[in-house]
Each structure stands twice: as structure tokens, then as C-alpha cells.
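Written out below as C-alpha cells is the structure these notes cover.
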Amino acid sequence: MNEHNDSIQLRSNEELTNFRKKHFLPTAGFYHKEPIQLVKAQDTYVWDSEGKRYLDAIGGIVCISAGHNHPKIKKALIEAIESDAIQHTSLLYLNQAPIETAERLLEEAPYGMDKVSFTNSGSEANELAIMAARHATGETMVVNVRHSYHGGTSAALASCGHSIWRFKGQPVTGVTSALEPYCYRCPFKQKPDSCDLECAKNVETTIQNSTHGKIAAFILEPVMGVGGFITPPDDYFREVARIVHSYGGKYISDEVQTGAGRGGSDLLLTKTLDIDADMVTMAKGLGNGAPVGAVLMKSEVAETMTGKTYFNTFAGDPLQMIQSKLTLEIIKEEQLVENARAMGDLLKDGFSQLQKKHPLIGDVRGRGLLLGIELVKDPQTKEPASDEALRLMDLCKDKGLLVGKGGQFGNVFRIAPPLTINREQVNFILETLDQSLSELSDAYTP
Ligand SMILES: Cc1ncc(COP(=O)(O)O)c(C=O)c1O
């Protein structure tokens, strides 16, 4: 059944699905009607248990930056294990790998950020950043933006702007939401080329109307991933940072999805967009699939925590750090940021061409290799085409292409392949999408 992992006896998809349905929490679903079992991966490709190859245009969930199983990372991990290098220690001891990862991160950090802390995930990174902001300011209120996602832990989830991710008993005190900078569905009914950045001004009125006039933090992603790769106007960020600081808050730039070069301009979009952030959080692409998160912080925030202890058992673990350090090196050596921009531009142009042909495509947006295609039943009414998005994902999968989806109504196709993707693979994505959209429209035409 599986030609790639002969030594492993694989269980059938049906058996795995049934076990999950019976014993896993009902909180996680599958991307596809018939879930596939992924067993092997190399660079931009993954293989299922039947030996079928797919171009991985979602990379887990936006985690694969340097490509699956990069030879340099593989070699380093094999050498570490074979030489009995320490697999686990904590930051209570010295070890070289976290220092070398921190060095590489700080080389690329936005101006003024010279402190680093590691975590195991993006949620924990945001949790730490929010805690640091509250500690530094002595304030509680965190302003987030509707449609955001910041993670599954307490403070991170409380700042999550989608009802589907929120739970009944979940503490939501100490947070308030500003309206979303979502140009395609502008809550102020404006057009991007003629608007007066009402969305940025709304951060100020939110602070004035739903806090006591001082805040601990504002948190936002440069491209709102789970929200459906919502891409706010560049000027929004600078204006909001100014507002946030004038009300005493710390600006947290959540680069869990956008970081590690995926935005196609710098390692961090915070730098490209010239956001005067006090903290940047990272995860996902930083470890190229390893469970690693990081917070970059300005000294003035970090120093307020002197005398306190923040401890995270697995943060800075040698094997995770080796993977992160090498991922950052590979991104630089192989010029993957530049590739993300070039391939991202080709894809975006291609999607815009497809938009002219397929009315199901309402909007094309994103930066670098974080590209969203919003599907609508009718370009005028913009009614979300959620069922069509699911069907389209399956049609692409059948043709050997894996993509993700997001957005409040699950109607945004998310394309975020490894940063190593090449032109031929870009063409494959465009052709597969074109063909699948045609099949879909044939199926829906009476
Ligand atoms: C922008 C953003 N922040 C934070 C998180 C949480 O990261 P993790 O799932 O690693 O805890 C995510 C996860 O999707 C994310 O997209």
C-alpha cells in the first residue's frame, strides 16, 4: 500500500478516521471530504499512503519555509542523534543552538528589538507578549482587530475575532476589538484608493469608547492569516502604531504566519512596513515544521520584567533550535525571500488573470507567498461561496494540489507553498486552479 515507507505498516485511512472520530475531541475537522494520510515529503511535494504525489501549497498550515526535509536540516538532525548530542535540556543550562538561532533572528530584527525569548508555539509567543505588555504598562486592556487569529491559549484566544474559534466559558475580559481593515468588505463601505483610513481611526475611537483611556497592547498580524489573508493598506500600520503609543500601549506584531520571509520582502514584514512595534511574535515557518515560537522585544519592555521568572520547559530545546537556526540560514543562502516575492508575484498575476475568466473569484490579495483568493457566489452581492470552496479544494486535491482555506465563512482559498517553489510549480498551481474552477462552474450551471 505504501511504496515510500516500507518498514512501517500503515493502517488504512478508514481505520484512522474512525479512531479519530471516536476518540479525538470533536474540535478538529479535516480539510477534505475523504481525508488523505500524508506519509512522505520532499521540498515542495508530499505523498499520501497510496503513493500519490501532491504539490504542497499550504505546507501543513503555513509552516514549511525551507522546503520539506531540507538536506541540510536532515543531515544536521541525523548527525546530532548519531553523535548522542543532547536532545533535551532547558534554558537553565547553556547550549549553543538557541544562542545561534537568536543571533540570526536579531540580525534581521526590526530596529530597536534586541531581546529574544523562545516558546513552543505561536500561541505561547503571543501569550508571553501580551503578558509582557500588561506587566510593562500596568494596564490590562488589549485591543485586537475583528477577523484576527492569535492562538488557542487563554489570552491569545481572547483576542481572536471569529466566533467559531471562541468557547462559551472562555475569559474575554481585558480585551476589545477594533473594526477590521478588510478592504474587500470594508466595514465603512469605502474603496481603498479613495478612503481616509477610517479603519485606523477606528482603533482610536475603540480605545476612547471601550477602555478607560489607556491600554496595555494592540495586537495585529501584518497579513491576517486565518481571517483569509486579509491585507490591510500599508499606511494603516504606521497610523495605528502612532495611535497605540499615544494611549500608552505596546504594539505586538503577530508574525506567526507572515514571518520567516514568507511576505517576500524582509524576514519580517514589520520591518518592510516600517511598523513601530514593541514586540514581534513568530512561529510556524521559523522551525520549518518544528514546534518553535519566538518573541522579539524591545529592551524597555523586557527590562520591566527583571526579577520575574518566565519558564517554558521545551523552549530553546536543542533539536528545535538546530532546525530553526538552519532554516534561517537556508532562507538567506538560497535567497528564499527573493524567491517568495518573485513566485508570489507570478502567482498573484496569474490569479488576477483567472479572476477575469471565473466570476467565482471575488478578490485576489496577499503578499509574497501568502496569497488569498476569496470565492463569492456573485461578484456584486459578494455572497460567500463556502460550499464551492470545499468542492474546489477537493477538485485540486484530486489533481495533485493541496491548498488551504480560511476566512470567516471558509470561502478564502489560501495558497502558501514552501518558499522554494519554482516557476514550473507556479504554472501547475495556475493550470490546476483554472481547470478546477471550470469543472466547478460546469457542475453548478443548471
Ligand atoms: C497569526 C497567528 N498567530 C498565532 C497562531 C497560533 O500559533 P500556534 O498554532 O503555533 O499556537 C496562529 C496559528 O495559526 C496564527 O496564524
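The values are calculated or read from the model by the stated rules, or taken from the named source; none is laboratory data. For clarity, every value in this text was computed on a predicted model and none was experimentally measured. Heads up, the Cβs are rebuilt from the backbone with ideal geometry, glycines too, and the neighbour counts pull from every protein chain shown.
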> Taking interchain pairs and intrachain pairs at least six residues apart, which have beta carbon atoms under 7 angstrom, with the first residue in region 109-127 and not assigned by the TED database to the domain that holds P318 and the second in a strand (DSSP E or B) and within 7 Å of the ligand (Cβ to nearest atom)?
Replying inline: none
> Hey, among the residues in region 268-308 that are part of a loop (DSSP other than H, G, I, E, B), away from the ligand (no atom under 16 Å from the Cβ) and touching a residue at least 40 places away in the same chain (Cβ under 8 Å), which one's surrounded by the fewest Cβ atoms within 10 Å (Cβ to Cβ)?
Replying inline: K308
> Just checking, how many residues over region 120-143 are within 11 Å of the ligand (Cβ to nearest atom) and closer than 19 Å to K250 by Cβ?
Replying inline: 7
> Does A342 qualify as being under 16 Å from L369 (Cβ atoms), modelled with pLDDT of 95 or more and in a helix (DSSP H, G or I)?
Replying inline: yes
> Among the residues of region 244-258, which ones are buried (at least 24 other Cβ atoms within 10 Å of the Cβ) and either outside any strand (DSSP E or B) or within 14 Å of the ligand (Cβ to nearest atom) (or both)?
Replying inline: V244, G249, I252, S253, D254, E255, V256, Q257, T258
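Taking the conditions exactly as written (within 15 Å of the ligand (Cβ to nearest atom), aromatic (F, W, Y), assigned by the TED database to the domain that holds C183 and part of a loop (DSSP other than H, G, I, E, B)), does Y149 satisfy them or not?
It is true that Y149 is within 15 Å of the ligand (Cβ to nearest atom), aromatic (F, W, Y), assigned by the TED database to the domain that holds C183 and part of a loop (DSSP other than H, G, I, E, B).
Residue by residue through region 201-238, note down the ones that are among the basic types (K, R) and part of a loop (DSSP other than H, G, I, E, B). Give the steps one after another, and end with the answer.
Going residue by residue through region 201-238, those that are among the basic types (K, R) are 201, 214, 238.
Result: K214, single match.
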>> Let me spell it out: the conditions are (1) within 16 Å of the ligand (Cβ to nearest atom); (2) among the hydrophobic types (A, V, I, L, M, F, W, C); (3) in contact with a Pro (Cβ under 7 Å, 6 or more places away or on another chain), and C199 meets all of them except one. Which number is the exception?
In response: (1)
> If you take the residues in region 309-333 that are touching a Phe, Trp or Tyr at 6+ places or on another chain (Cβ under 9 Å) and within 18 Å of G60 (Cβ to Cβ), which one is surrounded by the most Cβ atoms within 10 Å (Cβ to Cβ)?
Replying inline: S324
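Identify the residue in region 152-166 that is assigned to a helix (DSSP H, G or I) and surrounded by fewer than 24 Cβ atoms within 10 Å (Cβ to Cβ) and, among all such residues, is farthest from the ligand (Cβ to nearest atom).
Ranking the candidates gives S163 first.
A quick yes/no check of all residues on (1) among the hydrophobic types (A, V, I, L, M, F, W, C); (2) touching a strand residue (DSSP E or B) at 6+ places or on another chain (Cβ under 7 Å):
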site: L371; (1), (2): yes, yes
site: E374; (1), (2): no, yes
site: D378; (1), (2): no, no
site: A385; (1), (2): yes, yes
site: A389; (1), (2): yes, yes
site: C396; (1), (2): yes, no
site: K399; (1), (2): no, no
site: P418; (1), (2): no, yes
site: Q425; (1), (2): no, yes
